[in-house]
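The values are calculated or read from the model by the stated rules, or taken from the named source; none is laboratory data. Quick caveat, the model's predicted, so the values are computed rather than measured. Cβ placement follows ideal geometry from the backbone for every residue including glycine, while neighbour counts extend to all protein chains displayed. Note: areas computed on protein heavy atoms with side chains; ligands, DNA, RNA excluded. Shrake-Rupley method; radii C 1.70, N 1.55, O 1.52, S 1.80 Å.
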Amino acid sequence: MIENLTDISVEQLLTEAHNMLFDDYRFITATCVDNGDETLDVIYHFDKDLEMKNFKIRVQKGAEVPSISKIYFCALLVENEMKELFGINITNIAIDYGGHMLLSDDDLESPMLRQQITIERKGDK
Amino acid sequence: MFDMISNIFKNLSSKPATRKYPFEKRETFKDSRGSVKGVDIDTCIFCGICARKCPSDAIAVDRNSKSWEIDPFKCVVCGVCAEVCPKKCLFMDEQYSASAYSKGKNKFVQQPKPAEEEPGKVSA
Amino acid sequence: MPKTIIPFGPQHPVLPEPLHLKLVMQDETIVEAIPAIGYVHRGLEKLTETKEFTQNVYIVERICGICSFMHALTYCQGIESLMGVEVPPRARFLRVIWAELHRIHSHLLWLGLLADAFGFESLFMQCWRNREKVMDIMEETCGSRVIISGNTIGGTRRDISSEMLVKISSVADEIRDDLKRVEPVFFNDYTVKHRLVGVGVLEREKAYVLGAAGPMARGSGIRQDLRMTGYAAYGELDFEPIVETDGDCYARTMVRLKEVYQSIELIKQAASIIPEGEISVPVKGFPKGEVVSRVEQPRGEVLYYMRGNGTKNLDRLRVRTPTFANIPALLQMLPGSQLADVPVLILTIDPCISCTER
């Protein structure tokens, strides 16, 4: 249902981002979805004259994904967000907050993932 | 620069845009969503649709003890409960609720209907 | 010359919401700006996964107070296209009317805040006085001032009577007349121009690559307005986006001021040709599949990504709000400007931090 959705691999990502910049596309945002089976979908949305173009990559949880923020500077916020909330290891972000953009030290790690949470109360062992 | 001065003189000569609030209150608009006032507990059939539709889980309905309970501090006054009620026995108030000193819940319990006495039966 | 770091925010008189900037200064000039957000992160995206898709309407409305109707509109349009629901024409026009009312009240609020930022208190009060009329209309038509909860999946929750439509048109005229009196102050006043003209210039190419959205992009000469795609009833209305080419704070102010007039015209158009009929259709079943829905908010383009799995819960709801797109542009604008201009610069992106962090 998403217009112009293309499945690509992680290696193609930087090339496609370069192509998009060359074709005068605007980067809107990226979306990360947990599929529930140890894989994550990352969808990159681009736009030109109100027409969207989307690229989907599928990665394992905790996998390494290159950052496109050197190509599109505006990707830095969303990449930091994905890194924090989903635990994707995005490398070489222009400004890397190291996992503390939205969350503080004592927060849960990657809270948007579907994961088993065990709450330990103080005093319990 | 004189654009603003003409505005200021107009404001000086016109009546104020504000109200003297605690003494002079604006009437509420019709069907304004102020607060969920409560339930007509005798008409309520305890179906629990309001509790399931509530986006903030503010309503608790218990079929066994025939009670209907709302937490006004959780309620976001969206009005969905009043809309979906099959008996239309939930009431919204146009006036918003005042602030409170302590948290509490509004609980309504249906009193058991008095058993009708059978005619011809003489009580001792 | 040694560099100093000045923290700006999270609490600052011009900021209604907490945004923190580390400003690396050399003398009075900014060399670098590093943002720190996360003060109002509420995890609403995660919350929507645990609620039913019909309840999510009321959650997404509460992402932001100023554009709450547009958030619900984007969400509803996305779910409707997932489920193949055809919204009745009257509901589509009602949505336009409420959406444009929201745009007016958001822009008037912003104009007031801008006046407040450069210390023009009486101008600030004038703008907010006008805004109050819009708020009253919203309460009268929908039952609430800010979070009006007008949308539901499949249409709208309330109807606007024909007498009320006439009243809305006349109040819109009043607002226009009142704003006409304030307009020359923004456009011609010496002090106001001094604070806005040539401050924070963002060139067209830069704005485009940085993904600026809304009045920010249109102030830099990018002709981009999602209302051109004709969602809701915009396709049936006469509409031309407002574009300024200077790219400075003054241009962005002009765009927003002119958009208020444009919204008033759109409301009057919609009120005159609104068809009679149903306002909502019943919706059965559950959403399945993935969809992207986009709407033009007062601050720019909002993007919702939804993935349904055929149950009552959504797999994922992702919200990209306009401020999220405008912060990188702000970071590029700040270096080279003066410390005293920072409040005005931050305000001209119309920051909505609770939107940004969700």
task: Please verify whether segment C:180-202 includes one or more residues that are touching a Ser or Thr at 6+ places or on another chain (Cβ under 7 Å) and within 14 Å of chain A (Cβ to nearest Cβ).
output: yes
field: Elements of type helices (runs of 4 or more DSSP H) contained in segment B:1-113, each with 1 or more residues being more than 30 Å from C:W128 (Cβ to Cβ) and modelled with pLDDT of 80 or more
entry: B:49-53, B:80-84
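Return a yes/no flag: does segment A:66-78 have any residue that is part of a strand (DSSP E or B) and either away from chain C (no Cβ under 11 Å) or aromatic (F, W, Y) (or both).
yes
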message: If I ask for residues that are buried (at least 22 other Cβ atoms within 10 Å of the Cβ) and at pLDDT 85 or above, which ones from segment C:235-249 would you list?
response: C:C249
statement: Inside segment C:319-347, the number of residues satisfying the requirement of being assigned to a helix (DSSP H, G or I) and within 16 Å of C:F8 (Cα to Cα) is 13
query: How many residues are surrounded by 10 or more Cβ atoms within 10 Å (Cβ to Cβ), more than 9 Å from every other protein chain (Cβ to nearest Cβ) and closer than 24 Å to C:G143 by Cα if we restrict to segment B:9-46?
result: 8
Elements of type strands (runs of 3 or more DSSP E) in segment A:15-61, at least 1 residues being in contact with a helix residue (DSSP H, G or I) (Cβ under 8 Å, 6 or more places away or on another chain), open to solvent by 10 Å² or more (accessible area, probe 1.4 Å) and not β-branched (V, I, T): A:51-60
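Just checking, does segment C:298-311 include any residue being within 14 Å of chain A (Cβ to nearest Cβ), outside any strand (DSSP E or B), surrounded by fewer than 15 Cβ atoms within 10 Å (Cβ to Cβ) and not small (G, A, S)? I'd like the intermediate steps shown before the answer.
The first filter runs over segment C:298-311 and keeps only residues within 14 Å of chain A (Cβ to nearest Cβ), leaving C:300-311.
Now drop any that are not outside any strand (DSSP E or B), which leaves C:310-311.
With surrounded by fewer than 15 Cβ atoms within 10 Å (Cβ to Cβ) added as a condition, the list becomes C:310-311.
Subsequent filtering for residues that are not small (G, A, S) retains C:311.
Looking through segment C:298-311, at least one residue is within 14 Å of chain A (Cβ to nearest Cβ), outside any strand (DSSP E or B), surrounded by fewer than 15 Cβ atoms within 10 Å (Cβ to Cβ) and not small (G, A, S).
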- request: Please indicate, with yes or no, whether at least one residue in segment C:251-265 is open to solvent by 10 Å² or more (accessible area, probe 1.4 Å), at pLDDT below 90 and in a loop (DSSP other than H, G, I, E, B).
  value: no
message: When you scan segment C:31-45, do you find a residue that is farther than 15 Å from C:G336 by Cα, surrounded by 12 or more Cβ atoms within 10 Å (Cβ to Cβ) and among the charged types (D, E, K, R), even just one?
response: yes
message: Out of the residues in segment B:69-85 meeting the condition of being free of Cβ contacts under 8 Å to residues at least 40 places away in the same chain, surrounded by 18 or more Cβ atoms within 10 Å (Cβ to Cβ) and more than 10 Å from chain C (Cβ to nearest Cβ), tell me which one is farthest from B:Y96 (Cα to Cα).
response: B:C85
- prompt: Restricting to segment C:6-33, what's the tally of residues that are in contact (Cβ under 8 Å) with a residue 24 or more places away in the chain, within 14 Å of another protein chain (Cβ to nearest Cβ) and more than 14 Å from C:E357 (Cβ to Cβ)?
  reply: 3
field: Residue within segment C:269-284 that is within 13 Å of another protein chain (Cβ to nearest Cβ) and crowded, with 24+ Cβ neighbours inside 10 Å present
entry: no
